[in-house]
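The values are calculated or read from the model by the stated rules, or taken from the named source; none is laboratory data. Since the model is a prediction, treat every value here as computed from it, not as a measurement. A quick note on method: Cβ atoms are made from the backbone with ideal geometry, for glycine too, and the neighbour counts reach across all protein chains shown.
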């Protein structure tokens, strides 16, 4: 009989301990690792530029995407089985460009745009910009750097963009007047 009583108490103690553990696990709130980065996707300067792009460009020809990951536009020519694949792929996986203009008809990438603010004079940022420029040049997609401004002249902006896309100098104020090959 004392053995049965001891066994009964042991079973009861295990059940109580298991019940306490279940209650503690259920009460514990899951740890949050992620939170919104901010209220808005674009900074104030990026939003002003985006609005200028919308006003300057022909919406029947172009779509504008913001904060596009480079690896979603450009890939390495190496197969995933190649030992150097991840060496080159990882260099572009976590980089993005500020804006991407694509053809409205088929979403072909036409022009990458980097909005150059104060950080673009920093040595590390200049090195990063040169690397990104070389990636786009190598892939055959033009990239244009535009300095951050308080106000953008729509005709000048349109001209700069059309010139970068076509390779022809476009006169400001003339939507599609190409004057010379650059």
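What to note about this one:
- When the test is whether a residue is at pLDDT 90 or above and surrounded by 11 or more Cβ atoms within 10 Å (Cβ to Cβ), residue 120 does not pass it.
- Which numbered condition residue 97 fails, given (1) surrounded by fewer than 17 Cβ atoms within 10 Å (Cβ to Cβ); (2) under 13 Å from residue 135 (Cα atoms): (1)
- Residues located in the range 43-59, provided they are assigned to a helix (DSSP H, G or I) and farther than 16 Å from residue 155 by Cβ: 44, 45, 46, 47, 48, 50
- Filter result for the condition that a residue is modelled with pLDDT under 90 and surrounded by 11 or more Cβ atoms within 10 Å (Cβ to Cβ), over 33, 65, 88: 88
- Any pair with Cβ under 7 angstrom, 6 or more apart, that starts in the range 65-76 at a residue that is at negative phi and in contact (Cβ under 8 Å) with a residue 60 or more places away in the chain and ends at one that is surrounded by 15 or more Cβ atoms within 10 Å (Cβ to Cβ) and in a strand (DSSP E or B): 70/96; 70/97; 73/100; 73/109
- Any chance residue 41 is at pLDDT 90 or above and either surrounded by 14 or more Cβ atoms within 10 Å (Cβ to Cβ) or within 23 Å of residue 132 (Cβ to Cβ) (or both): yes
Condition check ((1) surrounded by 10 or more Cβ atoms within 10 Å (Cβ to Cβ); (2) touching a strand residue (DSSP E or B) at 6+ places or on another chain (Cβ under 7 Å); (3) modelled with pLDDT of 85 or more) across all residues:
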position	(1), (2), (3)
23	yes, no, no
26	no, no, no
29	no, no, no
46	yes, yes, yes
53	yes, yes, yes
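- Residue match in the range 94-116 (condition: in contact with a helix residue (DSSP H, G or I) (Cβ under 6 Å, 6 or more places away or on another chain), in a loop (DSSP other than H, G, I, E, B), modelled with pLDDT of 95 or more and closer than 21 Å to residue 53 by Cα): no
- In summary, residue 79 fulfils each of the numbered conditions (1) in contact with a helix residue (DSSP H, G or I) (Cβ under 7 Å, 6 or more places away or on another chain); (2) surrounded by 12 or more Cβ atoms within 10 Å (Cβ to Cβ); (3) free of Cβ contacts under 8 Å to residues at least 40 places away in the same chain with the single exception of condition (2).
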